[in-house]
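The values are calculated or read from the model by the stated rules, or taken from the named source; none is laboratory data. Worth saying up front: this structure is predicted, and the values here are computed from it rather than measured. Cβ placement follows ideal geometry from the backbone for every residue including glycine, while neighbour counts extend to all protein chains displayed. Each accessible area value is taken on the protein alone, full model and side chains, heavy atoms only, with ligands, DNA and RNA left out. Shrake-Rupley method; radii C 1.70, N 1.55, O 1.52, S 1.80 Å.
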Amino acid sequence: MSVSSGKTALSLIQEILSHLGLANKTAAWGTLGTLRTFLSFTVEKDVQRLLRAITGQGVDHNAIVAVLTNRSREQRQLISRAFQERTQQDLLKSLQAALSGNLEKIVVGLLQPMARFDAQELRRALKASGSAEDVAMEILATRAPPQLQECMTVYKHDFQVEAEEDIRSETSGILQDLLLALAKGGRESYSGIIDYNLAEQDVQALQQAEGPSTEGTWVLIFTQRNPEHLIRVFDQYQRYTGQELEEAVRNRFHGDIQVALLSLASVIRNTPLYFADKLHQALQETEPNYQVLMRILISRCETDLLSIRTEFKKKFGKSLYSSLQDAVKGDCQSALLALCRAEDI
């Protein structure tokens with residue numbers, strides 16, 4: 001198959017999925033990730049290729065990118081272990097010594113277990129000024145319960161402190177309550193049974209939660225109910241009040257908690273669109289926000305990046321691949337484009 005025909009086929013698949021309403025369902029056909037398990041995987045060949053890339057005359061960036069962006073995270077872990085056994089050296093540290101800048105950061109992100117990558121991103125956000133609520137919301141609200149639990153375990157192991165303690169020390173008020181509730185991972189799972197009475201009760205509770213000290217109602221409903229239930233609550237709220245629930249949030253809340261609730265509503269309505277918006281914003285800055293680009297592409301390339309690409313093209317009229325190609329500079333461009341995978345025609 002030629003490159004152009006492959007791109008056309010991929011675009012056609014995405015178009016069909018979007019019309020079927022499957023574009024935001026990550027399990028629709030196994031995975032909607034751009035990076036899959038490499039079927040011709042031979043761990044020894046990859047170890048040899050990486051060894052040549054960092055010990056030859058000059059570091060072969062292309063070889064490193066070609067291997068790491070074409071293997072699943074599980075396969076990359078196998079490569080790391082085999083490299084250690086063969087050379088008695090840590091692959092991650094060896095590549096860090098050979099690389100620098102954003103490409104080094106991407107390689108580190110690809111070689112770490114996902115839970116460690118999330119834990120480090122969460123820690124960085126909580127300890128940095130101005131980004132705690134945004135990044136914490138992204139990680140805590142979009143990871144599946146088992147992923148979140150593993151992230152919390154790694155966070156405590158690596159930083160010798162519970163993530164909840166850092167949230168308490170770095171945030172306050174209703175935003176703190178919201179992040180703590182998400183960190184506990186107590187969201188109900190969808191049973192397949194529609195509870196119309198509960199949906200009615202939740203809509204009434206949100207309508208009545210207007211005065212001081214009623215913010216807890218919003219936190220409870222937004223963080224405990226399953227997304228399928230919340231979509232019905234959002235729709236029913238608009239039918240009853242003539243106002244989208246997001247507009248009610250804008251009218252009743254201000255500052256960080258307003259931003260957090262709106263982000264959470266966006267995740268609940270359409271997670272791929274939420275990420276598409278974040279990627280577009282990161283690309284629109286005077287200097288692209290490489291940290292955001294790297295975090296999203298690395299964390300979503302094996303789950304739903306095809307869906308994110310679909311939403312990006314649909315909303316902004318330009319493919320994510322072309323947008324990255326135009327905005328991203330330096331030696332990390334090839335790695336980010338490889339994770340994105342292909343142009344959307």
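Quick notes on this one:
- Selection within segment 243-254: residues that are open to solvent by 70 Å² or more (accessible area, probe 1.4 Å) and outside any helix (DSSP H, G or I). The member of this set that is modelled with the highest pLDDT is Glu244.
- Members of segment 86-125 that are among the small types (Gly, Ala, Ser) and under 17 Å from the mean Cα position of the chain (by Cα): Gly109, Ala115, Ala119, Ala125
- Checking Arg73 against (1) of a type outside the set (Phe, Trp, Tyr); (2) at pLDDT below 95; (3) closer than 22 Å to Met114 by Cα, the condition it does not meet: (2)
- Per the listing Leu306, Leu324, the residue uniquely modelled with pLDDT of 95 or more and either surrounded by 24 or more Cβ atoms within 10 Å (Cβ to Cβ) or within 24 Å of Ala141 (Cα to Cα) (or both) is Leu306.
- Looking at segment 180-242, the helices (runs of 4 or more DSSP H) lying wholly inside it that each contain 3 or more residues that are surrounded by 13 or more Cβ atoms within 10 Å (Cβ to Cβ) and among the charged types (D, E, K, R) sit at 227-241.
- Filtered residue count, segment 140-169, keeping only those that are open to solvent by 80 Å² or more (accessible area, probe 1.4 Å) and outside any helix (DSSP H, G or I): 1
- If you go through segment 275-293 and keep only what is surrounded by fewer than 23 Cβ atoms within 10 Å (Cβ to Cβ) and within 20 Å of Asp344 (Cα to Cα), you end up with Asp277, Lys278, His280, Gln281, Ala282, Leu283, Gln284.
- Test result for Asp134, among the charged types (D, E, K, R), at pLDDT below 95 and either in contact with a helix residue (DSSP H, G or I) (Cβ under 6 Å, 6 or more places away or on another chain) or more than 21 Å from Leu68 (Cα to Cα) (or both): yes
- Taking every residue in segment 83-96 that is within 16 Å of Glu44 (Cα to Cα) and pairing it with any residue that is among the small types (Gly, Ala, Ser) and open to solvent by 20 Å² or more (accessible area, probe 1.4 Å), at least 6 positions away or on another chain, the pairs with Cβ-Cβ distances below 6 Å are Leu91/Ser80.
- Residue-level analysis places Thr87 outside the set of residues that are among the polar types (S, T, N, Q), closer than 15 Å to Ala335 by Cα and either open to solvent by 20 Å² or more (accessible area, probe 1.4 Å) or in contact with a Leu (Cβ under 7 Å, 6 or more places away or on another chain) (or both).
- Each residue in segment 312-345 was checked for being farther than 23 Å from Arg71 by Cβ and aromatic (Phe, Trp, Tyr), and 2 pass.
- Residue match in segment 172-188 (condition: at pLDDT below 95 and farther than 25 Å from Ala125 by Cβ): yes
Residues are listed down the side, and each one gets a yes or a no for (1) open to solvent by 10 Å² or more (accessible area, probe 1.4 Å); (2) part of a helix (DSSP H, G or I); (3) on the phi < 0 side of the Ramachandran plot:
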position: Asn70; (1), (2), (3): yes, no, yes
position: Leu78; (1), (2), (3): yes, yes, yes
position: Ala82; (1), (2), (3): yes, yes, yes
position: Asn102; (1), (2), (3): yes, yes, yes
position: Val108; (1), (2), (3): yes, yes, yes
position: Ala125; (1), (2), (3): no, yes, yes
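- Those residues of segment 304-333 which are in contact with a Lys or Arg (Cβ under 7 Å, 6 or more places away or on another chain) and either within 25 Å of Ala144 (Cβ to Cβ) or of a type in the set (Asp, Glu) (or both), in sequence order: Ile308, Leu320
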